[in-house]
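Encoded as structure tokens, the structure appears first; notes follow it.
The values are calculated or read from the model by the stated rules, or taken from the named source; none is laboratory data. Owing to the predicted nature of the structure, the values given are computational and were not obtained by experimental measurement. Here the Cβ is made from the backbone with ideal geometry for all residues, glycine too, and neighbour counts use every protein chain on show. The area values use the complete protein model at the heavy-atom level, side chains included, leaving out ligands, DNA and RNA. Shrake-Rupley method; radii C 1.70, N 1.55, O 1.52, S 1.80 Å.
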Amino acid sequence: MVEKRVGDTNTDRGPVPLTMLLPGERAKIVALGAGSGRQRHFRTMGLKEGKIVVIIATQPARGPLVIDVEGTLIAIGRGMARQILIQKI
Amino acid sequence: MKKITLMGCPNVGKSVVFSRLTGVNVISSNYPGTTVDFIKGTTFIGGEKFELIDVPGTYSLEPTSKAEAVAQTMLHEGDIVITVVDATHLERNLYLTLEILETKKPAVIALNMWDETRHLGIDIDVTKLERVLGVPIVPTCAICGTGIKELSSAVGDAQQSKTLKQMSEEERWLKVGEIIRDVQVVHHRHHTIWERFADTTVRPTTGIPLAILVILLMFLFIIEVGNVIIDYLMDPLFYTYYGPWIVGAVNSFVPSGLLHDLLVGTSTIESLDFEQSLGLLTTGFYIPFGIVLPFVITFYFMLSILEDIGYLPRLAVLVDTGLHKLGLHGSAIVPTILGCGCNVPGALATRILETEKQRFIAMTLMAISIPCMAQSAMIFAILGRYGMKWILIVYSTLLVLYILLGLLLKRIVKGESPELLLEVPPYRKPDPRTLLKKTWSKAYGFLAEAVPFVIVGIFIVNLLSVSGMIDILARIFSPILTTVLGLPEGAIAALLLGILRKDIAIGMLLPLGMTPQQLTISCIILTTYFPCIATFVVLFRELGSLALLKAAGLMAVVSLSVGIIMRVILIGI
Ligand SMILES: Nc1nc2c(ncn2[C@@H]2O[C@H](COP(=O)(O)OP(=O)(O)OP(=O)(O)O)[C@@H](O)[C@H]2O)c(=O)[nH]1
Ligand SMILES: [Mg+2]
């Protein structure tokens, strides 16, 4: 699979991984692609289907993203962020 | 005695509630994962004595780290549960709350951080929530104390939830959504300017320079303020008041002989020597109180500010990429910084890391290249006399070692190094009283630990030198020490004591009349060759004997190699 980096533009309206979002852009979480344990962990931290996320910062060299999920800041590694599917709004 | 456990998600204020209810101050900080082990205390409720247990935070009853596993086991220990819920994140907290209530333990809910809900535009219908969950709910503000009395009396009404049945995970999430729609209204609000500014501290372009500045300033502040306290407070106290008095007192009871030397060493009223006289009442008190305490206080004061503001999780984000190269992730910065104070809580704090690989690497790196503040204090005091340059040589060597060993361990240690997934709490204004209390309790903890060990250490030194053992040992180890490392053979005493405690061990270097180069090499070796006994015991408990054996082997090899390299660089062949 070709990995796309944060910052790659995307015009597609379908669900895309969270890593496709640019800093400042808003999106809605539509699905979680991880295993069930990881999914639960995501949800208990507020990363749940239907939630609105905004990218606050991205760290260089494939570092983690800092996202705002309805008022909570969460730092998340890129591999995990790729498991969160979003739709831009 | 009935047991009450304090359960809840990380960073919701459980430890503050615990301190309020028991009157015992346990450490609380503004980052998830402050409490990594259970802590017991007692509280009186309605005239009855209860045992209250503070527990590490967990997001669900399926643990993802060792700290969370502790929480899971502790839930079953208690007869009653106080579930602490962060009212500003009700939805997230409800999942765990439901899981706990489904166990049918008698429960009460503290709806904490109630003070913060208003300016966040959050409205929660508490009566309705109480009806849905079927247990008493008390809105609280643990830091200001409101609602704590009510919480305490509500414990008497704690009951099993009759409204909730056992649910599957999916049903539980549906239930959470249903409850939230029913009881909570969130008014829309715009981000404040302050919040926008706060975001810049996690953006690399602004955040990284700031982080470097913060760490540099902290380092300089600790050294400078520590020295000011020593020069203007501790030294006058010791040299003008305590010294003449104690030496005079001892002289009048035991004017000379073995006991006299043991108590005050070579100090006389005319020439007080707190550093080198090696008496129990002179050096034995001066090292912990006169040198180390001032630095320990300034360190913990600065650390508490960073902790309570909520800067550490942001630092974790910024260093994450770098720490991944060492087989760790950003969260490992917390145990590392705690280790700079004392390796014991530092090693325990590695419980917030998810895998054994991360924990082994974090603990090994800490044991080898993170000097505790007691040791740093002695390095600042002793090497500082020859200039900042020597202090910097020691610390940069240790930093390079940390990185090189991390690169190596990442490759050779089996297991996984998962990615970072960390909640970054909002910045909070530290409360000055809490700050001072926390600084004091950590400084007190240091003294309670250090003074007995230093006294025992000095006693051992006296024993070794009176019995002549030290000369024998010196001769045995002389080939390594003098020929290989370029140190005087008397340094063996320091190395022996370093197993017990590092501060006194460095103090033992003073009477040897070393050059700054030799002192620098000795300080590096003393840091790396072995952890102090207290750390060793904790490492044994946390790692197990086999992993510890590997770590210890690494320490010996690394220490000797670094010693030789530094000898070649600083002294020549
Ligand atoms: N505004 C406000 N802050 C609070 C309240 N209670 C606790 N805090 C702050 O929240 C932070 C976390 O408190 P802790 O008691 O350490 O939280 P904890 O639940 O024990 O956290 P872990 O041990 O990490 O699970 C600290 O900075 C507290 O000062 C409250 O009622 N209102
Ligand atoms: Mg706690």
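With the condition kept exactly as written, say whether any residue in segment B:93-103 is closer than 16 Å to B:Gly147 by Cβ and either in contact with a His (Cβ under 8 Å, 6 or more places away or on another chain) or of a type in the set (S, T, N, Q) (or both). No.
Within segment B:28-51, residues that are within 14 Å of chain A (Cβ to nearest Cβ) and near ligand 1 (Cβ under 6 Å from one of its atoms) have Cβ atoms under 9 Å from residues that are charged (D, E, K, R) and open to solvent by less than 30 Å² (accessible area, probe 1.4 Å) in these pairs: B:Asn30/B:Glu307; B:Asn30/B:Asp308; B:Pro32/B:Glu423; B:Gly33/B:Arg351, counting only partners at least 6 apart in sequence or on another chain. So is B:Glu51 under 28 Å from the mean Cα position of the chain (by Cα), at pLDDT 95 or above and more than 15 Å from ligand 2 (Cβ to nearest atom) or not? For B:Glu51, the condition - under 28 Å from the mean Cα position of the chain (by Cα), at pLDDT 95 or above and more than 15 Å from ligand 2 (Cβ to nearest atom) - is met.
In segment B:1-115, counting only strands (runs of 3 or more DSSP E) that sit wholly within it, the ones holding 2 or more residues that are buried (at least 23 other Cβ atoms within 10 Å of the Cβ) and either out of contact with any strand residue (DSSP E or B) (no Cβ under 8 Å at 6 or more places or on another chain) or not assigned by TED's automatic domain parsing to the domain that holds B:Lys442 (or both) span B:2-8, B:48-54, B:80-86, B:107-112.
Scanning segment A:72-89 for residues that are more than 7 Å from chain B (Cβ to nearest Cβ) and part of a loop (DSSP other than H, G, I, E, B) yields A:Arg82, A:Gln83, A:Ile89. Filtering segment B:130-153 to residues that are open to solvent by less than 20 Å² (accessible area, probe 1.4 Å), outside any loop (DSSP other than H, G, I, E, B) and within 16 Å of ligand 1 (Cβ to nearest atom) leaves B:Ile137, B:Val138, B:Cys141, B:Ile148, B:Leu151. For first residues located in segment B:11-22 and within 14 Å of B:Gly145 (Cβ to Cβ), partners that are near ligand 2 (Cβ under 9 Å from one of its atoms) and lie 6+ apart or on another chain with Cβ distances below 6 Å form the pairs B:Val16/B:Ser28; B:Phe18/B:Leu6; B:Phe18/B:Val26; B:Phe18/B:Asp54; B:Ser19/B:Val26.
For segment B:174-219, the tally of residues that are within 29 Å of the chain's Cα centre (by Cα) and either open to solvent by less than 90 Å² (accessible area, probe 1.4 Å) or in contact (Cβ under 8 Å) with a residue 24 or more places away in the chain (or both) stands at 17. Restricting B:Leu436, B:Leu473, B:Leu422, B:Leu447 to residues that are closer than 30 Å to B:Arg203 by Cα, outside any loop (DSSP other than H, G, I, E, B) and modelled with pLDDT of 90 or more narrows the list to B:Leu422. Is it true that some residue in segment B:174-182 is part of a loop (DSSP other than H, G, I, E, B) and within 14 Å of another protein chain (Cβ to nearest Cβ)? No, segment B:174-182 contains no residue that is part of a loop (DSSP other than H, G, I, E, B) and within 14 Å of another protein chain (Cβ to nearest Cβ). Of the helices (runs of 4 or more DSSP H) that lie entirely inside segment B:491-544, those containing 2 or more residues that are of a type in the set (D, E, K, R) and surrounded by fewer than 24 Cβ atoms within 10 Å (Cβ to Cβ) span B:533-543. When B:Glu356, B:Glu416 are screened for being under 20 Å from the mean Cα position of the chain (by Cα), surrounded by fewer than 17 Cβ atoms within 10 Å (Cβ to Cβ) and over 27 Å from B:Gly445 (Cα atoms), only B:Glu356 passes. Return yes when B:Gly8 is near ligand 2 (Cβ under 10 Å from one of its atoms) and within 14 Å of chain A (Cβ to nearest Cβ) and no when it is not. It is true that B:Gly8 is near ligand 2 (Cβ under 10 Å from one of its atoms) and within 14 Å of chain A (Cβ to nearest Cβ). Does B:Thr73 fit the bill of being polar (S, T, N, Q) and away from ligand 1 (no atom under 15 Å from the Cβ)? The answer is yes for B:Thr73.
Cβ separations smaller than 6 Å between residues 6+ apart or across chains give the following pairs from segment B:405-425 residues that are within 14 Å of chain A (Cβ to nearest Cβ) to residues that are buried (at least 21 other Cβ atoms within 10 Å of the Cβ) and part of a strand (DSSP E or B): B:Leu420/A:Ala75; B:Leu421/A:Ile76; B:Leu422/A:Ala75; B:Glu423/A:Ile74; B:Val424/A:Leu73; B:Val424/A:Ala75. One residue stands out in segment B:266-295 among those that are more than 29 Å from the chain's Cα centre (by Cα) and in contact (Cβ under 8 Å) with a residue 40 or more places away in the chain: the one that is surrounded by the most Cβ atoms within 10 Å (Cβ to Cβ), namely B:Leu278. Residues that are within 14 Å of chain A (Cβ to nearest Cβ), open to solvent by 20 Å² or more (accessible area, probe 1.4 Å) and closer than 21 Å to B:Asn11 by Cα are absent from segment B:296-307.
Given A:Ala57, A:Ala61, which one is at positive phi, facing chain B (nearest Cβ under 9 Å) and more than 10 Å from the chain's Cα centre (by Cα)? Testing whether each residue is at positive phi, facing chain B (nearest Cβ under 9 Å) and more than 10 Å from the chain's Cα centre (by Cα) leaves just A:Ala61. Can you say whether B:Ser277 is under 19 Å from B:Asp235 (Cβ atoms) and either within 14 Å of another protein chain (Cβ to nearest Cβ) or out of contact with any helix residue (DSSP H, G or I) (no Cβ under 9 Å at 6 or more places or on another chain) (or both), as far as the supplied structure shows? The answer is no for B:Ser277.
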